[in-house]
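Student: Take this structure, written in structure tokens, and hold onto it; I'll ask about it next.
The values are calculated or read from the model by the stated rules, or taken from the named source; none is laboratory data. What you are looking at is a predicted structure, and each value in this text was computed from that prediction instead of being measured. With ideal geometry, Cβ positions are generated from the backbone for all residues, glycine too; neighbour counts draw on all protein chains shown. The area values use the complete protein model at the heavy-atom level, side chains included, leaving out ligands, DNA and RNA. Shrake-Rupley method; radii C 1.70, N 1.55, O 1.52, S 1.80 Å.
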Amino acid sequence: MDEQYITLDGIKWHVQYLSAEYTKPLCPKHHLTLSLVLNNPHACWLKCQECNENYTLPREYNIQKSYIIDKLNSKEFKKMKFLNLDDEAIPIAEDRADSKDDKYFVRAILTESKVGQRLVVYAGEKGKKDKTQIFVEPEIRRLAFDQKDLHPSDVFLSLEGTFEDGTKSTITKSNKKKD
């Protein structure tokens, strides 16, 4: 986006190219560019030539303009997904679904780790802390769940993974078997 109009600290700002150099304060009433009257390290005063209204900013003028760009960027950064390279597993894909009655949720995260790809599935009843955590590791043909969490059959009727070579792994409450 080349051009944006925002309001911050009671002043309207015209921002172009997400650059402090092309950021101008505007009078909230007349939309005229405000004139810089006083600028010091702790604040600055701006004035509208139309109504002679004074506006005070909490920062030095150029720092305020940079702050505005940072605020706009932070809104975009919030929407982005970040890869945490400090951890062993790097997320590749993620998806979430809810049951038709909106009572249950399922969240799946595909990661790449030292041992290969791993699918982690979280599922449970919405609003409750307990959930099941299921691990699918295709390279070693393993379907497992976290023993500290709910058993998968507390959420699902049964769970079956069919791997590329035709091997099937099933989890049910009464047994955990491999075909």
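Student: Once you put a point 7 Å from the Cα of Asp154 and another 7 Å from the Cα of Glu50, both along the Cβ direction, what distance in nm separates them?
Tutor: Label at Asp154, label at Glu50, 6.4 nm between them.
Student: So which trypsin sites (Lys or Arg not before Pro) in segment 126-162 end up in coil per DSSP with only 12 or fewer other C-beta atoms within 10 Å?
Tutor: Lys126, Lys128, Lys129, Lys148
Student: Right, here's the next one. State the Cα centre-to-centre distance between segment 90-169 and segment 1-26 in whole Å.
Tutor: Computed from Cα coordinates, the inter-centre distance equals 45 Å.
Student: Whole number please: convex hull volume per residue, Cα atoms of segment 29-81, in Å³. Working shown, then result.
Tutor: Working: hull volume 4.7 nm³, N = 53.
So the per-residue Cα hull volume is 88 Å³.
Student: Name all residues of segment 10-35 having a backbone nitrogen under 14 Å from the label point set 7 Å from the Cα of Glu76 along its Cα→Cβ direction, giving them as ranges.
Tutor: 15-20
Student: Short version: what are the Cα gyration tensor semi-axes of segment 105-179, square root of 5 times each eigenvalue, largest first, in whole Å?
Tutor: The three semi-axes for segment 105-179 are 21, 16, 9 Å.
Student: Give me the percent of the accessible area of the chain that comes from carbon and sulfur atoms, probe 1.4 Å, all protein chains in place.
Tutor: After summing per-atom areas, the C and S share lands at 50 percent.
Student: Let me ask another. If you fit an axis through the alpha-carbon atoms of helix 61-79 and take the longest principal axis of the Cα set of the chain, what angle between them do you get, 0 to 90°, nearest 10?
Tutor: 20
Student: Quick one: plug the Kirkwood hydrodynamic radius of the chain (C-alpha pairs) into Stokes-Einstein at 37 °C, 0.692 mPa s, and report D in µm²/s.
Tutor: The Stokes-Einstein estimate is 155 µm²/s.
Student: If you put +1 on each Lys and Arg Cβ and -1 on each Asp and Glu Cβ, how big is the dipole of the chain around its Cα centre, in Debye rounded to 20?
Tutor: 460
Student: Still on this model: Please tell me the relative contact order of the chain in percent, rounded to the nearest whole number, where contacts are Cα pairs under 8 Å and at least six residues apart.
Tutor: In percent, rounded to a whole number, it is 8.
Student: Where Rh denotes the Kirkwood radius from the mean inverse Cα pair distance, what is Rg over Rh for segment 1-64?
Tutor: Ratio of gyration radius to Kirkwood radius for segment 1-64: 0.95.
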